[in-house]
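Chemist: There's a structure below that I have some questions on.
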Amino acid sequence: MKKRLPRLADDILPKLEVPVVRLVEADRPALLDYYRRLSLADRLALFGLPLPDDKLSLYVHRLNLESDGHVAARGAASVLIGVGHCVVFDNQGILNLHVAHGYRRRGIGTSMGRELARFGAGRSLRWLRAYFSKNDPIAASLARRLDFDLNFGLDRFYAERALLKPESTAPRPMVPRSAPTLVSSGHARQKSAQAAAA
């Protein structure tokens with residue numbers, strides 16, 4: 001008899017209702033503090049590089065909180081427990097999310113993703129895309145909950161969601177080669193991180 005796989009923790013843990021807010025200039029120090037609390041392994045997954053604290057400071061300083069959509073989930077005492085962004089690029093949004101350990105699989109990533117989808121729709125973006133490792137079942141589960149279509153490549157998949165209905169005869173737009181590359185459940189543009197580390 002074929003052995004049944006255990007249910008994902010999404011089906012077991014109770015959902016955690018926390019406020020998801022749009023980040024503004026005054027939140028920049030809290031965002032930097034969130035990144036500084038990450039382990040080197042998390043920084044590697046997030047940025048593509050295990051950025052040290054001084055490079056993180058430079059990265060956060062360069063973020064455009066006005067033109068791009070940056071959101072966060074606030075826990076007790078307004079401490080950030082999850083962050084996400086939608087980088088506006090060529091009429092599409094590049095999505096990435098990160099939820100702190102101890103708060104995952106509680107619906108927080110889904111809430112942030114939906115808020116970023118609303119941001120993209122408000123900016124009249126046609127597509128919302130995210131990139132993950134194929135070996136990241138949590139990210140795949142999150143993408144499905146956000147009604148993304150999953151498209152598999154050689155070593156990763158990208159998920160996309162139409163925010164505006166494309167014309168029936170129009171080809172599906174591809175991500176330009178100069179677009180930022182995002183990795184496994186992260187929250188940052190790898191090119192920006194590499195520039196900060198330079």
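Every number here is computed from the coordinates shown, using simple stated rules; none is lab data. Quick caveat: nothing in here was measured; it's all calculated off a predicted structure.
Chemist: Between ARG144 and ALA162, 0.36 nm times their residue separation minus their Cα-Cα distance comes to what?
Modeler: 5.1 nm
Chemist: For region 141-146, what does the Karplus curve 6.51 cos²θ - 1.76 cosθ + 1.60, with θ = phi - 60°, yield as ³J(HN,Hα) per residue in whole Hz, taken in order and with x for Gly and Pro?
Modeler: 4, 4, 4, 5, 5, 8
Chemist: I need the phi-derived Karplus couplings for region 83-89: 6.51 cos²θ - 1.76 cosθ + 1.60, θ = phi - 60°, integer Hz, Gly and Pro marked x.
Modeler: 9, x, 9, 10, 7, 7, 8
Chemist: Classify region 47-88 as rounded, prolate or oblate from the Cα gyration tensor: take a ≥ b ≥ c as the square roots of its eigenvalues, call it rounded if a/c is under 1.5, otherwise prolate when a/b beats b/c and oblate if not.
Modeler: Oblate shape, in that a/c is at least 1.5 and b/c is the bigger or equal ratio.
Chemist: Between GLU66 and ASN91, what length comes free when the chain is fully extended (0.36 nm per residue of separation minus the Cα-Cα distance, one decimal in nm)?
Modeler: Full-extension gain reported as 7.4 nm.
Chemist: Report ³J(HN,Hα) in whole Hz for each residue of region 109-122, in order, from the Karplus equation J = 6.51 cos²θ - 1.76 cosθ + 1.60 where θ = phi - 60°; Gly and Pro get x.
Modeler: Computed from phi, the couplings for region 109-122 are x, 5, 4, 5, x, 5, 5, 5, 5, 5, 4, x, 5, x Hz.
Chemist: Moving on. Jot down the per residue volume, in cubic angstrom and as a whole number, of the convex hull over the alpha-carbon atoms of region 97-143.
Modeler: Working: hull volume 3.5 nm³, N = 47.
Roughly 74 Å³ of hull volume per residue.
Chemist: How much of the pair distance distribution for region 4-115 lies past 16 Å, counting alpha-carbon pairs only, in percent?
Modeler: Counting pairs separated by more than 16 Å, the tail of P(r) holds 62 percent.
Chemist: Right, here's the next one. Can you tell me how region 57-144 classifies by the Cα gyration tensor, rounded, prolate or oblate, using a/c under 1.5 as the rounded cut? Kindly include the intermediate steps, with their values, before the conclusion.
Modeler: On the way: a/c = 1.62, a/b = 1.15, b/c = 1.41.
Cα axes put region 57-144 in the oblate bin.
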